[in-house]
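Visitor: Let me begin by handing over the structure; questions about it come next.
The values are calculated or read from the model by the stated rules, or taken from the named source; none is laboratory data. Predicted model, so just to flag it, every value in this text is computed and none were measured. As a convention, Cβ positions derive from the backbone with ideal geometry for all residues, glycine included, and neighbour counts pool all protein chains shown. To get the accessible areas, we keep the full protein, side chains included, count just its heavy atoms, and leave off ligands, DNA and RNA. Shrake-Rupley method; radii C 1.70, N 1.55, O 1.52, S 1.80 Å.
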Amino acid sequence: MSWLNKLLPPKIKRNESGIARKSTLPEGLWSKCPSCEAVLYATDLDNNLNVCPKCGHHNRLNARARIELLLDPEGRFEIGAEVLPVDSLKFKDSRRYPERLQDATETTGETDSLVVMQGAIKTLPVVVAAFEFDFMGGSMGSVLGERFVRGVQTAVEQGMPFVCVTASGGARMQEGLFSLMQMAKTTAVLTKLSEAKLPFISILTDPTMGGVSASFAFVGDVVMAEPGALIGFAGPRVIEQTVRETLPQGFQRSEFLIEKGAIDMIVDRREMKDKLAQLLAMLQKLPAAA
Amino acid sequence: MKTSFLDFEQPIAELEGKIENLRYAQDDSAVDISEEIGRLEKKGQTLTKDIYAKLTSWQICQVARHPQRPYTLDYLERIFTDFEELHGDRAFSDDHAIVGGLARFNGQSVMVIGHQKGRDTKEKIFRNFGMPRPEGYRKALRLMKLAEKFGIPVFTFVDTPGAYPGIDAEERGQSEAIGRNLYVLAELKVPVIVTIIGEGGSGGALAIAVGDTVQMLQYSTYSVISPEGCASILWKSADKASEAAETMAITAPRLKTLGLIDRIISEPLGGAHRDPAAMAQSLKKALQEALKQVSALSTEEMLEARFERLMAYGRTKEQPLR
């Protein structure tokens with residue numbers, strides 16, 4: 001076997017795991033950690049859930065990999081995949097909206113920026129929604145809103161909690177005011193979950209900004225964030241231009257938010273599933289998982 | 001007060017200047033030129049009508065931001081009586097970019113909440129250009145809950161470039177403050193009548209704009225991001241704001257067609273600032289009708305209708321999965 005073949009398996013292994021999409025990592029077998037600059041073997045990074053094994057820096061994780069990480073393998077059922085985007089404003093900037101959608105579908109293998117899945121976390125039934133940041137910056141448009149609503153409605157009907165993992169630049173400008181209204185729509189449906197006394201856990205990952213941050217993301221019964229995630233309403237550049245000051249060190253990062261009392265906890269991705277199972281069980285007054 | 005004219009109104013400005021000069025001349029002239037003045041005034045009206053009949057979205061945006069446009073407190077004075085302003089969020093401070101309090105509307109107790117901009121430089125700074133911080137939204141939330149407790153209907157008036165993008169605003173949880181309002185408004189057990197009176201700027205507007213009826217003044221705007229912001233992100237140049245305004249659909253007629261708002265309230269010729277009294281009159285009538293309509297429903301019916309309307313927002317297609 002040549003040295004080349006020895007290097008091949010990781011890529012094949014990736015495909016076998018059912019994640020039929022390009023990795024967010026740059027092409028190649030080696031990558032450099034953006035935080036500690038350690039040179040990492042791609043497989044090591046993959047095996048470590050895209051968290052740098054050297055410094056713990058959390059790189060972005062795509063929606064399906066996130067669901068893979070959180071949900072038990074058995075009994076998964078996708079919700080809202082049949083809902084697809086339309087270009088109701090005939091929106092065109094430097095490019096047409098349908099072209100951008102098509103490109104995003106090609107790079108991510110997704111049809112919009114949210115994947116919703118019913119399943120179980122350590123046997124506790126749950127509906128999980130995960131943002132796909134690589135799909136137009138995880139922007140919130142009509143499809144995202146509708147899938148989110150169907151996810152929550154399913155949770156209410158089935159009597160199970162709802163967990164959402166955000167990664168988004170905010171509202172999708174290409175859908176104009178329709179996208180703004182998704183803020184109201186997604187947040188409003190959570191009142192039904194609340195009426196049914198079912199928990200909503202919001203997990204904020206890098207980045208959670210604008211209309212997503214300023215709607216359902218912070219109304220979780222528990223709001224947690226991954227380490228080092230950028231979370232805020234206005235983007236740092238906009239703020240800098242408005243106030244004409246240099247922003248404080250670590251501004252709008254998870255660690256800054258917990259200091260200010262904005263979130264409940266910072267959770268390492270590698271402990272996320274255990275933590276979720278624990279919290280969900282306690283909120284529902286269920287015995288501790290075996 | 002002397003009317004200030006926008007760029008595209010220059011022909012009207014010139015004509016009105018001419019009329020002004022003639023009036024001045026008439027005072028010390030033996031010749032009667034009132035007929036000439038009358039003729040020019042008529043011409044001025046036709047001209048205004050023509051110009052306003054084909055305003056672009058970007059021009060409407062300028063009217064919505066007109067420095068003399070009536071603000072929340074102007075309408076409060078003309079439409080409501082016995083306004084008792086209520087201050088502060090009970091946690092941090094009183095945000096002057098949002099005003100609110102109890103008032104009477106045709107004698108009935110109501111809660112009024114609105115963004116407030118300033119007229120002169122000093123007041124603009126005091127009002128932070130109508131851009132609220134979290135404490136503004138939390139004050140609004142407190143007033144909504146107060147209204148709910150006593151079964152008092154809520155009127156909100158929206159007029160903001162957006163929520164304030166500042167370091168302090170982020171530190172105190174701008175996102176949470178806006179999100180919380182969206183949540184509470186979705187299930188507030190009293191009628192909520194929303195009117196966009198000027199600029200409906202993004203999340204900062206929406207935080208007090210979820211309700212049973214959403215109406216817009218004819219030349220107000222409502223958008224997910226300012227045309228300048230959209231242009232600088234998508235076109236990489238703020239100069240394309242005019243194109244962005246057109247594409248995003250931010251004007252009342254387009255939003256009405258898209259089913260995103262319920263009603264357009266006509267403005268006086270040349271915009272609300274040309275005749276604030278007449279504007280207040282028609283706004284009052286619209287508010288009256290909206291309140292009557294919503295009040296006819298039981299609380300359950302009202303909340304269900306509000307929820308259904310929120311759930312109906314958005315345009316998607318469905319395709320059966322393979």
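Visitor: Please work out which residue is farthest from the other protein chains (Cβ to nearest Cβ), limiting yourself to the range A:222-251 and to residues that are among the small types (Gly, Ala, Ser) and in contact (Cβ under 8 Å) with a residue 12 or more places away in the chain. Walk me through it before giving the result.
Guide: The first filter runs over the range A:222-251 and keeps only residues among the small types (Gly, Ala, Ser), leaving A:225, A:228-229, A:232, A:234-235, A:250.
Narrowing further to those that are in contact (Cβ under 8 Å) with a residue 12 or more places away in the chain: A:225, A:228-229, A:232, A:234-235.
Numbers: A:ALA225: 12, A:GLY228: 17, A:ALA229: 13, A:GLY232: 5, A:ALA234: 3, A:GLY235: 8 Å.
Filtering the range A:222-251 for residues that are among the small types (Gly, Ala, Ser) and in contact (Cβ under 8 Å) with a residue 12 or more places away in the chain, the one farthest from the other protein chains (Cβ to nearest Cβ) comes out as A:GLY228.
Visitor: Return the total of residues in the range B:267-296 being in contact (Cβ under 8 Å) with a residue 24 or more places away in the chain and not in a helix (DSSP H, G or I).
Guide: 4
Visitor: If A:SER94 satisfies every condition in (1) modelled with pLDDT under 95; (2) part of a helix (DSSP H, G or I) but one, which is the exception?
Guide: Evaluating A:SER94 over (1) modelled with pLDDT under 95; (2) part of a helix (DSSP H, G or I) leaves (2) as the failure.
Visitor: Can you name every residue in the range B:274-304 that is within 14 Å of chain A (Cβ to nearest Cβ) and surrounded by fewer than 14 Cβ atoms within 10 Å (Cβ to Cβ)?
Guide: Selection gives B:GLU300, B:GLU304.
Visitor: Okay, moving on. Confirm whether A:ALA42 is open to solvent by less than 30 Å² (accessible area, probe 1.4 Å), farther than 20 Å from A:THR205 by Cβ and either touching a residue at least 12 places away in the same chain (Cβ under 8 Å) or under 17 Å from the mean Cα position of the chain (by Cα) (or both). Even if it seems obvious, please write down each step before you answer.
Guide: Numbers: open to solvent by less than 30 Å² (accessible area, probe 1.4 Å): yes; farther than 20 Å from A:THR205 by Cβ: yes; either touching a residue at least 12 places away in the same chain (Cβ under 8 Å) or under 17 Å from the mean Cα position of the chain (by Cα) (or both): yes.
Yes: the conditions hold for A:ALA42.
Visitor: Further, regarding this structure: Is it fair to say B:ILE152 is in a loop (DSSP other than H, G, I, E, B), more than 10 Å from every other protein chain (Cβ to nearest Cβ) and either out of contact with any Pro (no Cβ under 6 Å at 6 or more places or on another chain) or buried (at least 24 other Cβ atoms within 10 Å of the Cβ) (or both)? Break it down into steps so the answer makes sense when it comes.
Guide: Working: in a loop (DSSP other than H, G, I, E, B): yes; more than 10 Å from every other protein chain (Cβ to nearest Cβ): yes; either out of contact with any Pro (no Cβ under 6 Å at 6 or more places or on another chain) or buried (at least 24 other Cβ atoms within 10 Å of the Cβ) (or both): yes.
Against the criterion (in a loop (DSSP other than H, G, I, E, B), more than 10 Å from every other protein chain (Cβ to nearest Cβ) and either out of contact with any Pro (no Cβ under 6 Å at 6 or more places or on another chain) or buried (at least 24 other Cβ atoms within 10 Å of the Cβ) (or both)), B:ILE152 qualifies.
Visitor: Which ones in the range B:1-57 are polar (S, T, N, Q), part of a helix (DSSP H, G or I) and open to solvent by less than 100 Å² (accessible area, probe 1.4 Å)?
Guide: Residues of the range B:1-57 polar (S, T, N, Q): B:3-4, B:10, B:21, B:26, B:29, B:34, B:45-46, B:48, B:56-57.
Add one more test, that the residue is part of a helix (DSSP H, G or I), and what stays is B:10, B:21, B:26, B:34, B:45-46, B:48, B:57.
Correct list: B:GLN10, B:GLN26, B:SER34, B:THR46, B:THR48, B:SER57.
Visitor: A further question on this structure: Considering only the range B:164-185, how many residues are at the interface with another protein chain (Cβ under 7 Å from one of its Cβ atoms) and open to solvent by 10 Å² or more (accessible area, probe 1.4 Å)?
Guide: 8
Visitor: Taking the options A:ILE266, A:ILE258, A:ILE239, A:ILE203, name whichever one is buried (at least 20 other Cβ atoms within 10 Å of the Cβ) and under 26 Å from A:PHE162 (Cβ atoms). It would help to see each step written out before you state the result.
Guide: On the way: A:ILE266 fails: buried (at least 20 other Cβ atoms within 10 Å of the Cβ); A:ILE258 fails: buried (at least 20 other Cβ atoms within 10 Å of the Cβ); A:ILE239 fails: under 26 Å from A:PHE162 (Cβ atoms).
Every option except A:ILE203 fails the conditions.
Visitor: Also, quick follow-up: Hey, A:ALA104 hits all of (1) crowded, with 20+ Cβ neighbours inside 10 Å; (2) touching a residue at least 40 places away in the same chain (Cβ under 8 Å) but one; which does it fall short on?
Guide: Only one criterion is unmet by A:ALA104, namely (2).
Visitor: How many of the residues in the range A:252-290 are without any contact (Cβ under 8 Å) to a residue 60 or more places away in the chain and either of a type in the set (Lys, Arg) or touching a Phe, Trp or Tyr at 6+ places or on another chain (Cβ under 6 Å) (or both)?
Guide: 4
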